[in-house]
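Read-outs: derived from the displayed coordinates by stated rules, not from any lab. It should be emphasised that the depicted structure is a prediction, and the values quoted were computed from it without experimental measurement. Every residue, glycine as well, gets a Cβ built from its backbone with ideal geometry; the counts of neighbours run over all protein chains shown.
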Amino acid sequence: MKSYNIGINNSHYKDGRCLIKHYCIDCNKEVVSYRTIRCPSCENKRRFTGKKLTKGHKLKISKSLKQNIIFPTCLDCGKPLSRKDAIYCILHSSRHKKLKGRKRFYCIDCKKEISYTSGRFGNRRCLSCANKGENNPRYIDGRTELKELINQLEEYRIWRFEVLKRDNYECQECNKKGIKLEVHHIKELAKILQEFLEYYNIFSPIEDKETLVRLAILWKDFWNINNGITLCGKCHRTIEPRNIKEKVI
């Protein structure tokens, strides 16, 4: 090349930038570098056509393809599926294969689907509904439900907070902190509830439940801070009420 065509003297020169554009010979896309005759996409196609790809390269290709494809979801759990023609995931597809041709049964109370055995030979209720109210084996003339209503009161939340604060949020048996703590009744709550119902025996724990809940707010034994002690879950399961000494503030 002659010296008068180099640098500033070149007719294509403009602020140090070359005005000559290069294009891919396969797809006619503009190529940045003048040293290549193909774009990166066409160059990879030419290089890897008819050759075995590595696992890493296959994963990159599959990820790029999956980004543009919308896969269906399982009809039961909503989990995304890896196949376009699938309806259920692996867990629920096997379940539906077993139930194929069988009659489906639903809970007579909450309309939730139950097992074939419970619907065909059982009481036609789910496990939750089968153990509610009078159907529960620990049911005693409505006391269980009354106990739950008392534990839902604001006074119970305050009582629990005061016991935790007094014990400095520390298990009183193993002296552990920073774990899930529970408040244990030194005198069993069932005994306090029994004494409460014996005192107000004119009220029924089933029919006069709302009245008994209002009276429970004034019953001091329910909210006695000295009757509570802070324990961790492990100590709460192993300790016995008779081994706990009453703590006086």
In terms of modelled amide H atoms, which long-range or inter-chain residues lie less than 5 Å from the amide H of Y106? I114
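Structure shown: which of K177/K220; K147/K176; K191/K234; K21/K58; K180/K209; K132/K220 lie over 27 Å apart, alpha-carbon to alpha-carbon?
Pairs exceeding the cut-off: K177/K220; K147/K176; K21/K58; K180/K209; K132/K220.
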All aspartates and glutamates inside 18 Å of K112 as judged from Cα atoms, apart from same-chain residues fewer than 8 positions distant: D76
Test of understanding: extend the Cα→C-beta vector of N136 to 7 Å, then name every residue of segment 147-169 with backbone N under 13 Å from that spot. 147-152
If you take the beta carbon distance between K177 and Q152 as r and set R0 to 35 Å, what does 1/(1 + (r/R0)^6) give as a FRET efficiency, to the nearest 0.05? 0.80
Quick calc: nm separation of the 7 Å Cα→Cβ label points for E198 and C110 -> 3.7 nm
Filter the GluC sites (Glu not before Pro) in segment 150-249 down to the DSSP loop ones having no more than 14 other Cβ atoms within 10 Å, then list what survives. E188, E207, E246
Report the gain in length on full extension from K29 to L215: 0.36 nm times residue separation, minus Cα-Cα distance, nm rounded to one decimal. 58.5 nm
Run the simple label-point estimate for E43 and K187 please: 7 Å along Cα→C-beta, distance reported in nm. 8.7 nm
